[in-house]
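Here is the structure we will look at.
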Amino acid sequence: MRDRLRFLLGDALIEIERCEPTLTVLDWLRLGRRMTGTKEGCAEGDCGACTVVVGRLDRGRLRYEAVNACIRFLPTLDGCQLLTVEHLKGADGSLHPVQQAMVDCHGSQCGFCTPGFVMSLLALRLNEAEPSIARIEDALAGNLCRCTGYEPIIAAGRRMDELAPRGADRFLRAREAVAARLAALGDSETLALRGESGCFYAPATVAALAELVVAHPQATLVAGATDVGLWVTKAMKRLDPVIYLGRIEALRAITDEGDHLRFGAMANNSDVRTALAALSPQLDELMRRFGGEQVRNAGTIGGNIANGSPIGDLPPALIALDATLVLARSRHCERSGAIQEGPGEASNPPHLDRFAARAMTAGDGLARRAIPLESFFLDYRKQDRRPGEFVEAVLVPKLASGMLFHASKVSKRFDEDISAVCGAFRLTLGDDGRIGEARLAYGGMAGIPKRVKAAEAALVGRRWTETAAAAAIAALPQDFAPLDDMRASAQYRMKVAGNLLRRFLIETTQARTQTRVAGLLTETGHG
């Protein structure tokens, strides 16, 4: 194992031998380095004042991402480059084009949020040329401003490419050199750091991860920390040890397997959004509303599932699509007796989707189990994950001919908000126009995301009409006694759940009727 954290802070190589496992990037910058340009606002990844840019290698190419420093743990930067607002000013004191655009367009008043906006715009500039207004708004949705208003900031986003050609941007010119430096920092060793409050492990291979999970059964597995980070900043939890999955390149892969898409557990939600959008524009809009861009860049598909939240937005959609979850653990440790099999645990369930069996034959020393995603959720914050297991992949079938699909999220605000109710529905119509199969799933209605079997049964055999929708809505109380909490009352949730089925009917039978605050991106070209 390697006992030294290594990353680039701007152009400088940083090496750290001892580090607390949950020290945030924000605290290290402000308290350890006295780099106070990065601000602390909400400490939960909502306001964007702490936004920094992280450069990492993605299949050999340098990729820049805006992330929230307040909930990002410092050791997760191993092998990356960290850029803060202090790195933008040139050696001669000149402003970077993003900064100059903010000045010219009067995009700052009190200035507290300004560094975060600047860094979000920098990430956008480094990744995309001449972004549209919709894309600028999307990139800034994770940044809040209380005094300036967003129009001048959006104008700065349009102007930043006018002030200096991209070829003159020193960050873009240095891209290949930085990529080479990061590649030199990479290795296949497990990073093992110690601090006063505990240990941090970051394996580089799935096999090493499997052995660590067995060796440390009490460990907290961290993917993007978009939820776990709040355990530290808000609940003040001590996590020891921490096992971070972000150095395992194999877990980030997204592949097209013909009849389904395979998502590695560490595929971040920005990449997942792009892939799922090819299946349905409904999925594109759903994932556009996953926090802000900083949260989508850090959060992962595996983390969204393994978290087990009853209000996670992605599980209802994946359940409606009949997704399969692949769980893995060390076969070596299993043989050695480190894991004892319980009754009925020695084999996979008899029913696997036709494509899931392919995941069982990797021959890499791991024991795998494929289960329907819906059966993974047992009770509130309780999942079907056996000792030593971790989520390795998610297999999502493509929509076939004759299938109708819909996904809706209802929340108090459009961007950066948690669902009150999330509904996802898939109907398969036969040649006679009747419903042959119905898969209806909701989040926010119970302690787990789940299907509504009585409502599904009310639809099968019917034509997809108002009568069929009304029958399904009438059956919803047989499936749910909804949650009643600060986000919504039980009565409201039940009413919304039914109305989402009506929206599904309207959108699939009355194409010209608008049912959304913002149309689907692929239909309107804007948010």
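Just the residues that are touching a Pro at 6+ places or on another chain (Cβ under 7 Å) and either crowded, with 21+ Cβ neighbours inside 10 Å or closer than 12 Å to SER120 by Cα (or both), please, taken from the range 37-48. Once the filter is applied, which keeps residues that are touching a Pro at 6+ places or on another chain (Cβ under 7 Å) and either crowded, with 21+ Cβ neighbours inside 10 Å or closer than 12 Å to SER120 by Cα (or both), the range 37-48 yields THR38, LYS39. ALA250 meets each of the listed conditions (1) part of a helix (DSSP H, G or I); (2) under 29 Å from PRO397 (Cβ atoms); (3) within 16 Å of the chain's Cα centre (by Cα) apart from (3).
Do we have any residue at all in the range 214-232 that's in contact (Cβ under 8 Å) with a residue 60 or more places away in the chain and aromatic (Phe, Trp, Tyr)? Looking for residues that are in contact (Cβ under 8 Å) with a residue 60 or more places away in the chain and aromatic (Phe, Trp, Tyr), one finds none in the range 214-232, hence no.
Return the residue satisfying two criteria in turn: it lies in the range 9-24 and is outside any loop (DSSP other than H, G, I, E, B) and not small (Gly, Ala, Ser), and of such residues it is surrounded by the most Cβ atoms within 10 Å (Cβ to Cβ). Looking at the filtered set, the residue picked out is THR24. Whenever a residue of the range 441-453 is buried (at least 24 other Cβ atoms within 10 Å of the Cβ), its partners that are at pLDDT below 95 and of a type in the set (Asp, Glu), lying with C-beta atoms within less than 6 angstrom and at least six residues away or across chains, give the pairs VAL452/ASP479. Only one of the listed residues (GLU507, GLU437) is in contact (Cβ under 8 Å) with a residue 60 or more places away in the chain and in contact with a Ser or Thr (Cβ under 7 Å, 6 or more places away or on another chain). That residue is GLU507. Only residues that are closer than 12 Å to LEU321 by Cα and either aliphatic (A, V, I, L, M) or not in a strand (DSSP E or B) (or both): list them for the range 422-443, please. ALA424, LEU427, ALA438, LEU440, ALA441, listed by residue number.
Would you check if there is a residue in the range 68-76 being surrounded by 18 or more Cβ atoms within 10 Å (Cβ to Cβ) and more than 24 Å from GLU249 (Cβ to Cβ)? For the range 68-76, residues surrounded by 18 or more Cβ atoms within 10 Å (Cβ to Cβ) and more than 24 Å from GLU249 (Cβ to Cβ): present. Of everything in the range 222-250 that's in contact with a Ser or Thr (Cβ under 6 Å, 6 or more places away or on another chain) and of a type in the set (A, V, I, L, M, F, W, C), which residue is farthest from ASP271 (Cα to Cα)? If we take residues in the range 222-250 being in contact with a Ser or Thr (Cβ under 6 Å, 6 or more places away or on another chain) and of a type in the set (A, V, I, L, M, F, W, C), then LEU239 is farthest from ASP271 (Cα to Cα). Of the set (1) more than 26 Å from the chain's Cα centre (by Cα); (2) at pLDDT 95 or above; (3) over 15 Å from LYS495 (Cβ atoms); (4) not charged (D, E, K, R), all apply to GLY433 but (2). Restricting the range 94-141 to residues that are acidic (Asp, Glu) and within 24 Å of the chain's Cα centre (by Cα), the residue that is nearest to GLY55 (Cα to Cα) is GLU128. Under the condition of being outside any strand (DSSP E or B) and either in contact with a Pro (Cβ under 7 Å, 6 or more places away or on another chain) or surrounded by fewer than 24 Cβ atoms within 10 Å (Cβ to Cβ) (or both), the residues counted in the range 233-245 number 9. Scan the range 255-265 and tell me whether some residue there is of a type in the set (A, V, I, L, M) and either part of a loop (DSSP other than H, G, I, E, B) or without any contact (Cβ under 8 Å) to a residue 40 or more places away in the chain (or both). Yes, the range 255-265 contains at least one residue that is of a type in the set (A, V, I, L, M) and either part of a loop (DSSP other than H, G, I, E, B) or without any contact (Cβ under 8 Å) to a residue 40 or more places away in the chain (or both).
Filtering the range 473-491 to residues that are out of contact with any Lys or Arg (no Cβ under 7 Å at 6 or more places or on another chain) and in a loop (DSSP other than H, G, I, E, B) leaves PHE480, ALA481, ASP484, ASP485, MET486, ARG487, ALA488, SER489. Within the range 1-47, being among the polar types (S, T, N, Q), in contact with a Leu (Cβ under 6 Å, 6 or more places away or on another chain) and farther than 20 Å from TYR64 by Cβ holds for one residue alone: THR22. Within the range 377-425, if we keep just the residues that are crowded, with 19+ Cβ neighbours inside 10 Å and among the aromatic types (Phe, Trp, Tyr), the residue that is farthest from GLY444 (Cα to Cα) turns out to be PHE390. Limited to the range 370-415, what total is found for residues that are closer than 28 Å to ASP46 by Cβ, in a loop (DSSP other than H, G, I, E, B) and not hydrophobic (A, V, I, L, M, F, W, C)? The total comes to 6.
Residues checked against (1) of a type outside the set (A, V, I, L, M); (2) closer than 20 Å to PHE290 by Cβ; (3) in a strand (DSSP E or B):
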site: THR38; (1), (2), (3): yes, no, no
site: ALA43; (1), (2), (3): no, yes, no
site: VAL54; (1), (2), (3): no, yes, yes
site: LEU57; (1), (2), (3): no, no, yes
site: PRO75; (1), (2), (3): yes, no, no
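Please determine, by comparing only the residues of the range 254-283 that are out of contact with any strand residue (DSSP E or B) (no Cβ under 7 Å at 6 or more places or on another chain) and either basic (Lys, Arg) or under 14 Å from VAL394 (Cα atoms) (or both), which one is surrounded by the fewest Cβ atoms within 10 Å (Cβ to Cβ). Looking at the filtered set, the residue picked out is ASP256.
Would you please name the residue that is farthest from the chain's Cα centre (by Cα), looking only at residues in the range 82-93 that are of a type outside the set (A, V, I, L, M, F, W, C) and over 20 Å from ARG30 (Cβ atoms)?
Going through the qualifying residues, I end up with ASP92.
The values are calculated or read from the model by the stated rules, or taken from the named source; none is laboratory data. Since this is a predicted model, take the numbers as computed values, not measurements. Methodologically, a virtual Cβ is constructed for each residue, glycine included, from the backbone with ideal geometry; neighbour enumeration extends over all protein chains shown.
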